[in-house]
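See structure below.
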Amino acid sequence: MKLHRSMCARSILVIAIGLLCVLPLLNSCSSSPRRIFKETRTAFYTVVSLTIVSAKEEQAQQAINASFDELDRLASLLNFYSNTSEISMVNSQAGVKPVKVSRDTFDIVEKAVYVSEMTEGSFDVTVGPLVKLWDIQNKVIPDKKSIAEKQRI
């Protein structure tokens, strides 16, 4: 249940980031009739669907592209599967030496810790080692012993 809640919280975070990327690109003063534009892509190892309401298709597509570009940029900083991401560098140096990270990474981790505290762990920013136990592509489900060992870390 805890893992499910953290995935829901992560999805909400991705949606919020998308909204923040889109809002500046939309013109709220337009008198043209508005239409709905939708696009679904993968980002942050999940499916992300954006819905944009705009009078102009070109403007909507710019907002969609900007949102997905920003999600991809942030994912490159926060991808714990990549050895070169800032998060992976922090994780590999934990307890060894400090790692300088971008302001975006710092702010997102700070907010994730805050949300984790406010939800009393329902959103768990430290769930990465547990998530890595599953191999979705090869349909591998870890045994209870492996899960228990990672939960003790």
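The values are calculated or read from the model by the stated rules, or taken from the named source; none is laboratory data. Note that the structure is predicted; figures quoted are calculated from it, not measured. Ideal geometry is used to build each Cβ from the backbone, glycine not excepted, and the neighbour counts take in all protein chains shown. Areas reflect the complete protein model, heavy atoms only, side chains present, ligands, DNA and RNA absent. Shrake-Rupley method; radii C 1.70, N 1.55, O 1.52, S 1.80 Å.
In Å², what does the accessible area per residue of the range 51-153 work out to with a 1.4 Å probe?
Details: 7120 Å² over 103 residues.
Heavy-atom accessible area per residue stands at 69 Å².
Peptides 91-103, 56-68, 107-119, 32-44: what's the order by average Cβ count within 10 Å, highest mean first?
On the way: 91-103: 10.0, 56-68: 17.1, 107-119: 14.2, 32-44: 12.5.
Peptide ranking by packing, descending: 56-68, 107-119, 32-44, 91-103.
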